[in-house]
């Protein structure tokens, strides 16, 4: 795989580490941020080819951070990283796509043991 850097913005360290593990195992380079402001700063200052963005961040909504990221680098895809519920169709109006999690950090590691 060619060198692809993904920015993961997630305030729960357990999810962030699970994402990092999976993406690095698949050959991606991962840059992490735990707040929306950190994510925007990384996007401004580092080359990234994609963003996985949690919707509920401590400092802003995912929709507002996504809008700011798209102003900075409109061609970089920003994917919603969240549990899927009744609000998903509404939230997808703000994102290029989504990556679903089940609500527990272990979801990401369950298939890696066997």
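Among the conditions (1) surrounded by fewer than 16 Cβ atoms within 10 Å (Cβ to Cβ); (2) at pLDDT 95 or above, the only one that residue 64 does not satisfy is (2). Looking only at the range 1-44, residues that are touching a strand residue (DSSP E or B) at 6+ places or on another chain (Cβ under 8 Å) and outside any helix (DSSP H, G or I) come to 18 in all. I'd like to know if the range 53-69 contains one or more residues that are without any contact (Cβ under 8 Å) to a residue 60 or more places away in the chain, at negative phi and out of contact with any helix residue (DSSP H, G or I) (no Cβ under 9 Å at 6 or more places or on another chain). No; the residues of the range 53-69 include none that is without any contact (Cβ under 8 Å) to a residue 60 or more places away in the chain, at negative phi and out of contact with any helix residue (DSSP H, G or I) (no Cβ under 9 Å at 6 or more places or on another chain). For the range 57-75, the set of residues classified as farther than 14 Å from residue 11 by Cβ and touching a strand residue (DSSP E or B) at 6+ places or on another chain (Cβ under 8 Å) consists of 66, 69, 70, listed by residue number. Among the criteria (1) surrounded by 13 or more Cβ atoms within 10 Å (Cβ to Cβ); (2) touching a helix residue (DSSP H, G or I) at 6+ places or on another chain (Cβ under 6 Å), the one residue 72 does not fulfil is (1). For the range 47-56, taking the residues that are within 9 Å of residue 10 (Cα to Cα) and touching a strand residue (DSSP E or B) at 6+ places or on another chain (Cβ under 7 Å), the one that is surrounded by the fewest Cβ atoms within 10 Å (Cβ to Cβ) is identified as 55. Taken together, the residues in the range 1-28 that are out of contact with any helix residue (DSSP H, G or I) (no Cβ under 6 Å at 6 or more places or on another chain) and over 19 Å from residue 75 (Cα atoms) amount to 14.
The values are calculated or read from the model by the stated rules, or taken from the named source; none is laboratory data. Just so it is clear, the model here is predicted, and its values are computed rather than measured. Quick reminder, even Gly has a Cβ in these numbers, built from the backbone with ideal geometry, and neighbours come from all protein chains shown.
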